[in-house]
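*Asks:* I have a structure I would like to understand better, so I am pasting it below and will then ask my questions one at a time.
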Amino acid sequence: MTVSPQDDAPRWLIPWTLDEGSDRARALFEEAFGGEPEAIVSAPGRITVIGDHTDYTEGLSLAAPVAHRTFVAVRRREDEALRMVSGNPPPGEPERWEGAISALVPGTGIDWPYYASGVVWALTERGYSVTGLDLAIVGCLPLEAGLGASASLTAGVGLACNAVWGLALDGEAGAIELAEAAWDAESAYVGFPCGRLDTHTVLRCAEDEAVMVDFATVPPSLTRYPLYFHDYGLRLLVVDTGARRDDWMDAYARRSRDARLAAQALGVDSLRLLADEPDGVRRLAGIEDPTARRRARHIVTEDRRVADAVAALGGLGPAHDRFTEIGALMLDSHGSLRADYDASTPALDLAVDTAFAAGALGARLAGAGFGGGAIALVRATQAEHIADQVDAMFVARGLPRPTFLLV
Ligand code: GLA
């Protein structure tokens, strides 16, 4: 079914330029703390092309950075105070936060200041000697959209620390160390059992690049590809549904527990091993608990879809066939996240179905799910039309209008 576009156009979220983001961070810094920052850094968000909920089971993901970024203006202090201000805090969270670095204690909160200060804590734990900081943080990355906003924040703070503390965490080894510290901030300090996908993508993947991240090792290894989509007139259209289940963090934690139980039931260290075995999916029948069995089936088949998508991306066959195959794999991924992982929502399903019906090669929820965003692989020339159709369909169904962005 197609629907007529509404009179008022869909909402597109255009990324700030680097200059614009830096100016905003500087202005916020000057207003909050007075004087000039010593450095201004930024980190992107990330999109999962395919391969979600595979990073905490030693699996595979194909991911890319997005142009929407978090900007951090920073200056060292003489004392050991940490003062932070956010130009766009999540609803209900504070604009400012202040504390002593020596008083940072893991597991005390989940608002943005805990993610940000968690990076300082993590670097201290890793033995870097630190001073107090003033930090001003602004960004144009939508929150809770499945675009790695928390990793963009922790990565930005890590880069800020590196810039003014003279940590010399540059090059690939430095980026890995910062990605691990940013991961510590979310997993150990905030206490959210996330995998390493987000921080390693935002800190290690270059613009116009896609990376296959293999989580079998720590740190994960990256295989780099040009983001071929652009060369072939294709784009990733992100549909941010603007709503997430209130309990999404608990739901995520339950999924990672289920995945561990499934691996234990099969006597393997991680489900990744099954993805690599020809009869891996058949072996899942050995998991007695039906929910854990479904969760494991998503993970094992998703790892295989990533491998297939990467083969198609870098393959030598006709472009049309390769991108059609990637689109089909994206649809399968969505079906698996919906049916086996229970990570979709009616709004995400509607975004995926409508985008596909309107001409996308494929579409899927992207990121943790339970709300947030979906992505569609689209011909660049059709992106606006597809966004119009999705927008109109949401309006027709009485759902809040989505926001669109292009990768
Ligand atoms: C969130 C987590 C990541 C990853 C994705 C789903 O973004 O932080 O570690 O598990 O969900 O792929």
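*Asks:* What's the carbon and sulfur percent of the stretch 69-134's accessible surface, probe 1.4 angstrom, rounded to a whole number? If you can, show how the numbers build up before the last one.
*Replies:* On the way: 1440 of 3080 Å².
Reported share for carbon and sulfur atoms: 47 percent.
*Asks:* Let me ask something else. For labels at A206 and E172 in the simple 7 Å Cα→Cβ model, what's the distance in nm?
*Replies:* Between A206 and E172, the label points sit 1.2 nm apart.
*Asks:* Turning to a different aspect of this structure: Hey, can you rank 202-209, 66-73 by average C-beta count inside 10 Å, highest first?
*Replies:* Values: 202-209: 19.4, 66-73: 26.0.
Top of the packing list down: 66-73, 202-209.
*Asks:* Take the Cα coordinates of the chain, assign each an equal point scatterer, and use the Debye formula without solvent to give log10 I(q)/I(0) at q = 0.07, 0.09, 0.11, 0.13 Å⁻¹.
*Replies:* For the requested q values the scattering log ratios are -0.32, -0.53, -0.79, -1.09.
*Asks:* Quick one: pull the percentage of alpha-carbon pairs in the stretch 306-376 with a separation above 14 Å. Walk me through the numbers on the way to the answer.
*Replies:* Numbers: 1409 of 2485 pairs.
Summing the P(r) of the stretch 306-376 above 14 Å gives 57 percent of all pairs.
*Asks:* Can you tell me how the stretch 225-264 classifies by the Cα gyration tensor, rounded, prolate or oblate, using a/c under 1.5 as the rounded cut? Before the final figure, lay out the partial values.
*Replies:* Working: a/c = 6.22, a/b = 1.74, b/c = 3.57.
The shape class here is oblate.
*Asks:* Check R75: other-chain or 5+ apart residues with amide H under 5 Å from its amide H, H built from backbone geometry?
*Replies:* E38, D134
*Asks:* Separate question: Rounded to the nearest 500 deg cm²/dmol, what is the calculated helix-only ellipticity per residue at 222 nm for the chain, with -39500 (n - 2.57) per DSSP H run of length n ≥ 4?
*Replies:* Working: 13 runs with 172 residues, N = 407.
Calculated mean residue ellipticity at 222 nm is -13500 deg cm²/dmol.
*Asks:* R293: accessible area at probe 1.4 Å, nearest 10 Å²?
*Replies:* Accessible area of R293: about 90 Å².
*Asks:* Using a 1.4 Å probe on the protein chains only, how many percent of the accessible area of the stretch 261-407 belongs to carbon and sulfur?
*Replies:* On the way: 3040 of 5610 Å².
Of the solvent-accessible surface of the stretch 261-407, carbon and sulfur hold 54 percent.
*Asks:* In addition: Could you give me the ³J(HN,Hα) list for the stretch 126-142, computed from phi with Karplus coefficients 6.51, -1.76, 1.60 and θ = phi - 60°, whole Hz, x at Gly and Pro?
*Replies:* Ordered by residue, 3J(HN,Hα) equals 7, x, 7, 8, 10, 10, x, 9, 10, 10, 10, 10, 9, x, 10, 8, x Hz.
*Asks:* Which order, highest average first, do 42-54, 128-140 follow once you tally other Cβ atoms within 10 Å for each residue and take the mean per peptide? Walk me through the numbers before you get to the answer.
*Replies:* Numbers: 42-54: 27.9, 128-140: 21.2.
Packing proxy ranking, top to bottom: 42-54, 128-140.
*Asks:* For the Cα atoms of the chain, what angle does the longest principal axis make with the long axis of helix 248-266, in degrees from 0 to 90, nearest 10?
*Replies:* 60
*Asks:* Accessible area per residue for the chain in Å², computed with a 1.4 Å probe and the full protein assembly in place, what is it? List each step's numbers first, then the result.
*Replies:* Working: 16040 Å² over 407 residues.
Heavy-atom SASA per residue in the chain reads 39 Å².
*Asks:* Right, another one. I need the phi-derived Karplus couplings for the stretch 102-107: 6.51 cos²θ - 1.76 cosθ + 1.60, θ = phi - 60°, integer Hz, Gly and Pro marked x.
*Replies:* Listing the rounded values in order: 5, 9, 6, 10, x, x Hz.
*Asks:* Rank these by accessible area, largest first, 1.4 Å probe: E95, E325, E31.
*Replies:* Details: E95 120, E325 85, E31 150 Å².
Final ranking, largest accessible area leading: E31, E95, E325.
*Asks:* Still on this model: Can you give the FRET efficiency for E30 and D246, using 1/(1 + (r/R0)^6), R0 = 30 Å, r = Cβ-Cβ distance, to the nearest 0.05? Intermediate results must be reported in sequence, preceding the final value.
*Replies:* Values: r = 37 Å, r/R0 = 1.22.
Taking R0 as 30 Å, the efficiency between E30 and D246 is 0.25.
*Asks:* Go through V218, V164 and list them by solvent-accessible area, largest first, probe radius 1.4 Å.
*Replies:* On the way: V218 100, V164 10 Å².
Ranking V218, V164 by accessible area, largest first, yields V218, V164.
*Asks:* Compute the Cα gyration tensor for the stretch 1-107, then decide on rounded, prolate or oblate, letting a ≥ b ≥ c be the square roots of its eigenvalues: rounded whenever a/c is under 1.5, prolate when a/b is larger than b/c in the other cases, and oblate in all that remain.
*Replies:* Values: a/c = 2.23, a/b = 1.45, b/c = 1.54.
Taking the square roots of the gyration eigenvalues as a ≥ b ≥ c, the stretch 1-107 is oblate.
*Asks:* Quick one: helix 346-357 against the long Cα principal axis of the chain, what's the angle to the nearest 10°, folded into 0 to 90?
*Replies:* Tilt relative to the chain: about 60 degrees.
*Asks:* Mind pulling the angle between the C-alpha long axis of helix 18-33 and the longest principal axis of the chain? Nearest 10 degrees, somewhere in 0 to 90.
*Replies:* 40
The values are calculated or read from the model by the stated rules, or taken from the named source; none is laboratory data. All of these numbers come straight from a predicted model, not from anything done at the bench. For neighbour counting, all protein chains shown are included, and Cβ atoms are generated from backbone atoms with ideal geometry for every residue, glycine included. The accessibility values were calculated without ligands, DNA or RNA, using every heavy atom of the protein model including side chains. Shrake-Rupley method; radii C 1.70, N 1.55, O 1.52, S 1.80 Å.
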